Amino acid sequence: SESDDAAVILVELHKLLGDRVTPLVAAREDERAFHRRFRFTAFPALVFLRDGQYLGCIERVLDWQDYLLELPAILGRAPHEPPPFRLPAHCAPSPVPPA
């Protein structure tokens, strides 16, 4: 599953980044609250925080090279609010045709 893949990726990212990151895994019962707080739209999600403040998120499982490209940008950001919630495209209402 993608969650199992993400667990392996998390271990490898920790090896790569060392003390720059402290990996934590949300307990199953806390996943929805975590999801609401950081407003990501897909699982699994790696959420990056500094002193509890949001830096960014990587959703789903990516190619290893994509992590290497995205991580420096995420870790170099100043903390900010998570993005506003957006409805996934497959859930968006269809436009109503004019009458």
In the range 6-30, anything among the acidic types (Asp, Glu) and within 22 Å of LEU75 (Cα to Cα) is listed as GLU12, ASP19
When every residue in the range 85-99 that is open to solvent by less than 100 Å² (accessible area, probe 1.4 Å) and closer than 16 Å to GLU59 by Cβ is compared, the one modelled with the lowest pLDDT is PRO88
Please enumerate the residues belonging to the range 17-34 that are in contact with a helix residue (DSSP H, G or I) (Cβ under 8 Å, 6 or more places away or on another chain) and either more than 15 Å from LEU49 (Cα to Cα) or among the small types (Gly, Ala, Ser) (or both).
-> ALA26
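The values are calculated or read from the model by the stated rules, or taken from the named source; none is laboratory data. Since the model is a prediction, treat every value here as computed from it, not as a measurement. Reconstructed Cβ throughout: ideal geometry from the backbone, glycine too, with neighbour counts over all protein chains shown. All accessible areas refer to the heavy atoms of the entire protein, side chains included, with ligands and DNA or RNA removed. Shrake-Rupley method; radii C 1.70, N 1.55, O 1.52, S 1.80 Å.
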